[in-house]
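One structure is given here, and the rest of the page talks about it.
Readers should treat all values here as calculations from the given coordinates under stated rules, not as data from a laboratory. Just so it is clear, the structure is predicted and the values come from calculations on it, not from any experiment. So basically every Cβ, Gly included, is an ideal-geometry build from the backbone, and we count neighbours across all protein chains shown.
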Amino acid sequence: MGRVFVSKGDKGIWVTLIILAILSLLVVYSSTGALAHKKAGGDVTHYLIVQLFYLALGFFILFIASKFPPKFYASVFGFLYIVGIALLLFTLFYGSELNSAKRSIQLPFFNISLQTFEIAKVATIGYLSRVLYKHPDGFSSFKEVILKLFLPLVIATMLIAPQNLSTALLLFTSGFFIFFIGRVKWKYLLMTGGLTIGFFVLFFAVLKMMPEQKQGRLATWQSRIKNFRNPEPDPDKVYQITQSKIAIATGGLGGKLPGKSTQRNFLPHPYSDFIYAIIIEEYGAILGGLGVLMLYLIILFRGFRIALKANTDFGTYYAAGITFLLVFQALINMGVAVDLLPVTGQPLPLVSMGGTSIVVTSFAFGVLLSISRDKYKTRENKLVTQTTGEEEDE
């Protein structure tokens, strides 16, 4: 009997994630020099070591997560969604405040900040996939769609919105994408879409009527949109974008070479929100700009391919939903850096410096690879059966 090769998950995803992790180490090390002198006593390797730790932890979680079967995740995401909502509520009341928003909780004994919206967004994608998987024949009424799909999505997004509005909108869009591929009736999609618009209009109207000190980040959101649309914005209010465009322009086609960035000393958050600009400055528009874009497009292609070939509906919905969310997030980060979108604060998945984002994103990819392994395992079983049958016939 011929020997059957057993794949350990989609190789295209594995290779792409490893390349992104290596790029992350190079660019984070290059872009954190000023931060190291300010907060780490001049130790320029401090943030490199921290990033290496989180990437190693993330890939360990990714590897472990890929070993569990998709059916395990179909059952556990209900619990993870409840945990995510509980963490968001805790953050809302007891979280650490930064820039007029409670964004994280401090883990005792470890001195680590946990960004709870990162956990909640992946848990919500998994939960919606689970609900659709549990209803293979669809939903019989609009009320059922509201209670089982729309309401859980709204609860998650509205709790995330005070921390990070762009993440809330990203999650909501991804949720509707899952509804669409989950064969939710068009009339229900249109009705929930109308409810969504009305709900957000009411949300912002209520915020606007509240005293200024209780409006949270409303002024920041309005300012970013206003300056993005204004052909002659206030230079002080578009400083980030100006420095980002200088980095991209001076990088040219070939780049200044790794570690040679100058804008890292002027651009706010060059290691996270605007890391794409530093990548283009050092590696050029072709290798850095288009190269990184192509890596995420590979993930998009491979992720949707996994979704199409998944053995279960849960695998299809989750693979498509999480791929859409993470690649869309990457496109938003890149779009902000090149001034195609207003400033949002979205990290570049697996590249930007950060702990929670890297670990949670790694887990999300681990589940995706689990779905791809399940596909290959079934294919292997079929090949073994066919080979055994042939031998018996002989």
Highest-first arrangement of 21-29, 160-168, 196-204, 297-305, where packing means the average Cβ count within 10 Å: 160-168, 21-29, 297-305, 196-204
More than 34 Å apart - percent of Cα-Cα pairs taken over the range 11-393: 31
Farthest positive-ward along the range 11-393 dipole, Cα basis, beta-carbon charges - from Leu57, Tyr81, Gln263: Tyr81
Given charges at Cβ of Lys, Arg, Asp, Glu: the range 11-393 dipole, positive-most of Pro211, Ala21, Val122: Pro211
Theoretical FRET efficiency, 1/(1+(r/R0)^6), r = Cβ-Cβ of Met158 and Phe79, R0 25 Å, to 0.05: 0.75
Among the listed pairs Lys121/Lys187; Lys185/Lys309; Lys143/Lys185; Lys67/Lys148, those beyond 20 Å (Cα-Cα): Lys121/Lys187; Lys185/Lys309; Lys67/Lys148
At R0 = 35 Å, FRET efficiency that the Cβ-Cβ distance of His37 and Thr173 yields, to 0.05: 0.35
Computed lengthening from Thr45 to Met191, 0.36 nm per intervening residue step minus Cα-Cα distance: 47.2 nm
Between the range 249-273 and the range 119-149, the Cα center-to-center distance that results, in Å: 43
Highest average packing first - 44-51, 135-142, Cβ atoms within 10 Å: 44-51, 135-142
Charge sum, other residues only, whose C-beta stays under 15 Å from Leu35's C-beta, Lys/Arg counted +1 and Asp/Glu -1: +1
Neighbourhood charge, 15 Å Cβ-Cβ cut-off, centred on Ile155 and excluding it, Lys, Arg +1 and Asp, Glu -1: +2
Dipole in debye (nearest 20) - the range 11-393, about Cα centre, beta carbon charges: Lys, Arg +1; Asp, Glu -1: 560
Relative packing of peptides 320-327, 54-61, 268-275 - highest average C-beta neighbours within 10 Å first: 320-327, 268-275, 54-61
Calculated FRET efficiency for the pair Val338/Phe204, C-beta based, R₀ 25 Å, to 0.05: 0.35
